[in-house]
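Just below is one structure, and these are the notes that go with it.
The values are calculated or read from the model by the stated rules, or taken from the named source; none is laboratory data. A quick note: this is a predicted structure, and the numbers were derived from the prediction, not measured. Glycine also receives a Cβ, built like all others from the backbone with ideal geometry; neighbour counts cover every protein chain displayed.
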Amino acid sequence: MFPSVVLRSPGMVQKVLKSFQTEGGYDMLVLPGLKVVNSEEGRVRAEFTVEKQHLNRLQSVHGGLLATVVDVGGSLALASKGLYATGVSTDINISYISGAKEGQVVTIDCRCDKLGKTLAFTSVELSSNGRLVAIGRHNKFVAQAYAHPENEIGNKK
């Protein structure tokens, strides 16, 4: 569970998620139902319900969608640290453990493992019905992201 830590601004995570869902592009198309259920500094819990559009040909949640969730989840973990601009992906990986079917809720636990001057490291766990669905890591180049005017934290020079 989440320990008691004060979030810089609970609104930042929601603001970044809204940006993903309204600014157009891929994230808006595939994850309009993603919602944050809990956030604190360095950690975010979110969820979505698997829809028909999320399925592969064998009627299980598509691995590409889960990789997108790891991408977005890592970004939300960085938003919980006060970054609106969450950097550029340098590395992303995912291990698929089990599937999820249409109608099931997938819970996403996102954690910022380290936020440095240049790089950030995040971990994302996806589960459904008490079973681990996938685990991922998402690393990002953040040096230039610190200059964004909507950030709650400044440049770390």
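Mind listing whichever residues of the range 55-86 are surrounded by fewer than 24 Cβ atoms within 10 Å (Cβ to Cβ) and not hydrophobic (A, V, I, L, M, F, W, C)?
Passing the criteria: 56, 57, 59, 60, 62, 63, 64, 68, 71, 81, 82, 84.
Quick check on the range 39-59. Is at least one of its residues in a helix (DSSP H, G or I), closer than 23 Å to residue 139 by Cβ, aliphatic (A, V, I, L, M) and under 10 Å from the mean Cα position of the chain (by Cα)?
no
Do we find a residue being among the β-branched types (Val, Ile, Thr) and without any contact (Cβ under 8 Å) to a residue 40 or more places away in the chain anywhere in the range 112-121?
Yes: one or more hits.
Being under 16 Å from the mean Cα position of the chain (by Cα), loosely packed, with under 14 Cβ neighbours inside 10 Å and under 16 Å from residue 46 (Cα atoms) narrows it down to one residue among 133, 124, 105; which is it?
105
Given the conditions (1) more than 18 Å from residue 77 (Cα to Cα); (2) among the aliphatic types (A, V, I, L, M); (3) modelled with pLDDT under 95, which single one is not true for residue 55?
Going through the list (1) more than 18 Å from residue 77 (Cα to Cα); (2) among the aliphatic types (A, V, I, L, M); (3) modelled with pLDDT under 95, residue 55 breaks only (3).
Among the listed residues 86, 107, which satisfies the condition of being assigned to a loop (DSSP other than H, G, I, E, B), under 21 Å from residue 15 (Cα atoms) and among the hydroxyl-bearing types (Ser, Thr, Tyr)?
86
Here's a check for you: in the range 6-45, which residue that is farther than 13 Å from residue 79 by Cα and aliphatic (A, V, I, L, M) is surrounded by the most Cβ atoms within 10 Å (Cβ to Cβ)?
34
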